[in-house]
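Right, one structure below, let's go through it.
The values are calculated or read from the model by the stated rules, or taken from the named source; none is laboratory data. Keep in mind that this is a model prediction, so the values were computed, not measured. Cβ: placed from backbone, ideal geometry, glycine included. Neighbour counts: every protein chain shown.
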Amino acid sequence: MRRNVMKPKVGILALTLELYETLAPGLRQDRVRWVRRDLLPALTPVAEVLFDKPCFRREEVEGCVARMEAQGADALLVLLLTYSPSLIALPALQRTRLPILIWNTQQLWAVDEKFGAPEMIANHGVHGTQDLANVLLRSGVKFEYTTSHSSDPAALEVIRDFLSASAAVNRLRRSRIGMLGYPFPGMGDFGLDTTHMTATLGCEWTQLPIEEYLLRAEKASARDVTALVGEYRRAYAVAPNVKKTDLDATARVELALRGMVEERKLSALTYQFTAFGEDERTPTVPFVAASRLMAEGIGFGGEGDQIAAAGTSLLNWLAPPATFSEIFTIDFAGNALFMSHMGEANVAMARKDCPTPLRARGSAITRTRRGQLALAVSLEPGPATLFALTSGPAGKWRFVVSPMTILDYPILDEFPCPHFKIAPAGDVRDFLTAYAKAGGPHHNALCFGDARGRLRQAARLLDADYFEV
């Protein structure tokens with residue numbers, strides 16, 4: 001399976017003072033050497049870096065920003081290599097749609113008894129950053145600001161979070177969500193004004209006809225079906241009671257769904273499982289396909305939930321891999337939450353100590369011609385982040401975020417669907433109460449590690465409320 005992971009692309013806007021071209025003619029080139037020797041190698045592991053030369057005139061700044069935009073930069077990283085007056089940069093920074101991060105840094109680590117005029121003139125960008133931050137604030141231009149030395153790993157983590165968030169938000173604004181069927185009737189927490197979604201998040205959606213899904217499944221070649229079934233048998237622990245006809249049907253609908261995703265260049269998809277049962281020709285529900293597509297970076301939301309599909313995509317771009325999920329049962333005794341869904345979870349997140357079971361559901365959840373198979377994904381234990389994207393009061397987007405631990409919980413024999421347990425940092429009762437009061441919906445997403453810094457940055461870029469519970 002392919003993984004859809006991309007590095008952020010950042011454009012460096014490096015600023016200097018025109019006066020130094022005559023007062024200190026070698027200073028600019030000395031600062032460029034410092035950037036190329038120290039800063040670019042520090043940034044390269046976290047981003048694809050675009051850098052040409054420093055700017056000291058307004059027209060140079062405007063040309064630099066325009067080039068960065070044309071080259072597909074996700075964000076601008078502003079460096080003051082010396083002091084530089086803010087007004088040469090303000091007009092271009094007012095017009096750009098790229099997120100702006102001012103990195104207040106310098107070459108020098110210590111000011112000691114050896115400090116002199118040469119060291120001062122080479123390390124005095126700090127008051128330029130203050131000048132620029134002041135005029136951006138006064139002009140209503142959004143920006144982020146961080147202070148650190150280039151050798152500080154914690155500082156690079158802040159920059160990494162910002163750049164990852166910028167790239168993820170940029171992809172979200174260009175994303176397309178496909179819907180098979182229609183939203184589950186009566187589920188109001190993912191009720192959606194799609195015009196508002198496109199205007200604010202940038203996502204667009206397209207309807208995927210059930211008829212096309214059925215015809216593609218029917219026309220899938222026998223060779224492709226056989227090859228995919230072989231992949232299932234190699235990659236997963238196929239239960240003994242799973243019939244070959246059911247495996248073939250599962251492969252056919254995966255090939256159908258993949259074709260629709262690829263041809264429409266979808267970033268995410270959602271379906272409503274009961275809609276499949278309305279057509280008696282339906283071979284089966286694409287549970288396995290959804291779990292495998294998530295492993296390749298395609299977002300997913302259940303029951304026709306486009307918001308969850310967008311949220312899972314966003315979290316996957318911020319901190320891959322990520323999975324769609326849902327809180328099903330409270331484990332009061334273990335201070336934990338049992339997570340599951342009908343048949344969809346990111347199989348790339350499955351625990352590594354055993355193969356993921358491929359099982360048949362004992363009872364069908366909707367009418368299909370063949371049995372309904374699903375991957376009983378149980379997640380690899382360790383630190384994690386729970387994230388829910390939802391619409392809050394007055395239609396403003398809201399991030400509900402919480403640090404979690406994925407518990408070392410066994411794969412249960414009787415469950416033919418994804419299942420695992422997570423534990424909040426505090427009391428599970430307090431967490432659930434805070435989650436509900438923050439407007440947390442019943443669909444959510446989960447990733448490995450601590451993604452709160454990146455989610456916080458993404459919320460700022462999207463002008464969304466951020467609630468950590």
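Some observations on this one:
- Complete set of residues in region 404-426 that are of a type outside the set (A, V, I, L, M, F, W, C) and surrounded by fewer than 19 Cβ atoms within 10 Å (Cβ to Cβ): Thr405, Asp408, Pro410, Asp413, Glu414, Gly426
- Condition check for Arg160: closer than 30 Å to Ala308 by Cα, basic (Lys, Arg) and either assigned to a loop (DSSP other than H, G, I, E, B) or assigned by TED's automatic domain parsing to the domain that holds Thr312 (or both): no
- Pairing each residue of region 326-352 that is outside the structural domain of Thr250 (by TED's automatic domain parsing) with any residue that is crowded, with 16+ Cβ neighbours inside 10 Å and part of a loop (DSSP other than H, G, I, E, B), provided the two are 6+ apart or on different chains, yields no C-beta distance under 8 Å.
- Of all residues in region 283-310, those satisfying the criterion of being farther than 17 Å from Phe184 by Cβ and β-branched (Val, Ile, Thr) are Thr284, Val288, Ile298.
- Test: residue in region 246-255 that is part of a loop (DSSP other than H, G, I, E, B), under 27 Å from the mean Cα position of the chain (by Cα) and buried (at least 24 other Cβ atoms within 10 Å of the Cβ): no
- Qualifying residue in region 396-409 (condition: closer than 27 Å to Ala239 by Cβ, part of a loop (DSSP other than H, G, I, E, B) and modelled with pLDDT under 95): no
- Matching option when the condition is in the same structural domain as Trp317 (by TED's automatic domain parsing) and surrounded by fewer than 17 Cβ atoms within 10 Å (Cβ to Cβ), among Arg429, Arg454: Arg429
- Residue check: Val141 meets all listed conditions (1) in contact with a strand residue (DSSP E or B) (Cβ under 8 Å, 6 or more places away or on another chain); (2) at pLDDT below 95; (3) surrounded by fewer than 17 Cβ atoms within 10 Å (Cβ to Cβ) but one, namely (2).
- Residue check for Val46: touching a residue at least 40 places away in the same chain (Cβ under 8 Å) and within 26 Å of the chain's Cα centre (by Cα): yes
- Residue in region 378-387 that is in the same structural domain as Met187 (by TED's automatic domain parsing), more than 23 Å from the chain's Cα centre (by Cα), over 20 Å from Gly301 (Cα atoms) and outside any strand (DSSP E or B) present: no
- Arg369 surrounded by fewer than 23 Cβ atoms within 10 Å (Cβ to Cβ), more than 23 Å from the chain's Cα centre (by Cα) and farther than 21 Å from Glu414 by Cβ: yes
- Note on region 173-195: among residues that are out of contact with any Gly (no Cβ under 6 Å at 6 or more places or on another chain) and in a helix (DSSP H, G or I), the one that is surrounded by the most Cβ atoms within 10 Å (Cβ to Cβ) is Phe190.
- Contact map, region 76-98: first residue in the same structural domain as Leu163 (by TED's automatic domain parsing) and modelled with pLDDT of 95 or more, second residue part of a strand (DSSP E or B) and not hydrophobic (A, V, I, L, M, F, W, C), Cβ cut-off under 6 Å, separation 6 or more or different chains; pairs are Leu76/Gly11.
- Residue match in region 215-235 (condition: farther than 30 Å from Ser86 by Cα, part of a strand (DSSP E or B), modelled with pLDDT of 95 or more and under 27 Å from the mean Cα position of the chain (by Cα)): no
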